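The values are calculated or read from the model by the stated rules, or taken from the named source; none is laboratory data. This one's a predicted model, so the numbers in the text were calculated from it and none came from an experiment. Cβ placement follows ideal geometry from the backbone for every residue including glycine, while neighbour counts extend to all protein chains displayed.
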Amino acid sequence: MDIKRPIHRKLLYSILLNGLITVTELAGGIFSNSFALISDALHNFSDFIALIISFIAAKMMYWESNERKSYGYSRIEILAAFINSAALVLIGAYIIYEAFSRLSSPQTINSRLMVIIASIGFGANLLSVILLRPHRSESLNVKSAFLHLTTDALESAAVIITALLISIFNLHILDAIISIAIGILVIKSSWDLLLESVNILVEGSPKGINLNEVAEFIRGFPGVKGVHHLHIWSLSTNFKAMSAHIVVDDMQLSRTTEITATLDDQLSDRFGIDHPTFQLEADPCEEALISHYRDRNSHGKVSR
């Protein structure tokens, strides 16, 4: 395996740490009878799988484009982020469900063992967070992995505090209560990431870009008489593409090239659009700004 890139190497270290945490906390949760530790172990196991997916995705992003994947494999990171965040939502829901069943019949907890195991988990998670922190803004994939590990570190700290409170006040019901809190935190921390990854996968407009604002900018550009069939989407976290039909005066091709080249630069500077594609038209038409997808069947009819 090529682990020469710093992010690949650090993801691999984080995978090994999470595998160790999962086994340690699961065993500790069983022996101490703490569902909070078991909940944290389940979350860490989901992170273990998620980090493996992130590691594979981080490597695939650098695969070169080819005749079958002309844009390359950059969208793999979005698919990985979607799987990671969706898994976290399901894990969080399961933790809440199981914790509620323990509220009515609190279990006796070995708080001393609980503190020791949770402290080991906190230390390992904190180390993973430190490893990935410098790379968290590189892609949605790495951001999701960093978010997983940050949440884990906070959970482990909460479990330590809970174990200390159980030890001092003998309130064993706190184990179920903190498990519910962990479940809610897991769902809350992953929900926005899930929505963002879904938006990219369904070709939604990139976060922070207003399609009508872009259209108005293009219409006001020197030499442009109109714009329609405008589409803006993200291929990955850091790559935004656009296509549009641009109406211009009937002129030589060399002059239109000047318009599109300047427009290309300004769209990149103002809106962060990396790959605009223009279809130039000399005759204005009544087409809508946003075109609708149409699938023509074998009889030539139009269906939507």
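Of all residues in the stretch 121-145, those that are under 22 Å from I76 (Cβ atoms) and of a type in the set (V, I, T) have Cβ atoms under 8 Å from Cβ atoms of residues that are in a loop (DSSP other than H, G, I, E, B) and modelled with pLDDT under 90, 6 or more apart or on another chain, in V142/R136. Restricted to the stretch 132-142, and to residues there that are more than 15 Å from F48 (Cα to Cα) and buried (at least 20 other Cβ atoms within 10 Å of the Cβ), the residue that is nearest to the chain's Cα centre (by Cα) is L140.
For the stretch 230-265, the tally of residues that are at pLDDT 90 or above, out of contact with any helix residue (DSSP H, G or I) (no Cβ under 9 Å at 6 or more places or on another chain), surrounded by 14 or more Cβ atoms within 10 Å (Cβ to Cβ) and of a type outside the set (A, V, I, L, M, F, W, C) stands at 4.
Residue selection: L26 fails the criterion of being touching a residue at least 40 places away in the same chain (Cβ under 8 Å), surrounded by 14 or more Cβ atoms within 10 Å (Cβ to Cβ) and assigned to a helix (DSSP H, G or I). Of all the listed residues (G208, G121), the sole one being surrounded by 17 or more Cβ atoms within 10 Å (Cβ to Cβ), more than 25 Å from M60 (Cα to Cα) and under 26 Å from the mean Cα position of the chain (by Cα) is G121.
Of the residues in the stretch 213-220, not one is within 30 Å of I76 (Cα to Cα), in a loop (DSSP other than H, G, I, E, B) and among the β-branched types (V, I, T).
Identify all residues within the stretch 233-261 that are part of a helix (DSSP H, G or I), β-branched (V, I, T) and either over 27 Å from E203 (Cα atoms) or touching a residue at least 24 places away in the same chain (Cβ under 8 Å) (or both); write none if there are none. T256, T257, I259 - these are the residues of the stretch 233-261 that are part of a helix (DSSP H, G or I), β-branched (V, I, T) and either over 27 Å from E203 (Cα atoms) or touching a residue at least 24 places away in the same chain (Cβ under 8 Å) (or both). The set of residues in the stretch 52-75 being at pLDDT below 80 and among the aliphatic types (A, V, I, L, M) consists of I53, I56, A57, A58, M60, M61. Of all the residues in the stretch 245-276, those that are closer than 22 Å to R75 by Cα and touching a Phe, Trp or Tyr at 6+ places or on another chain (Cβ under 6 Å) number 1.
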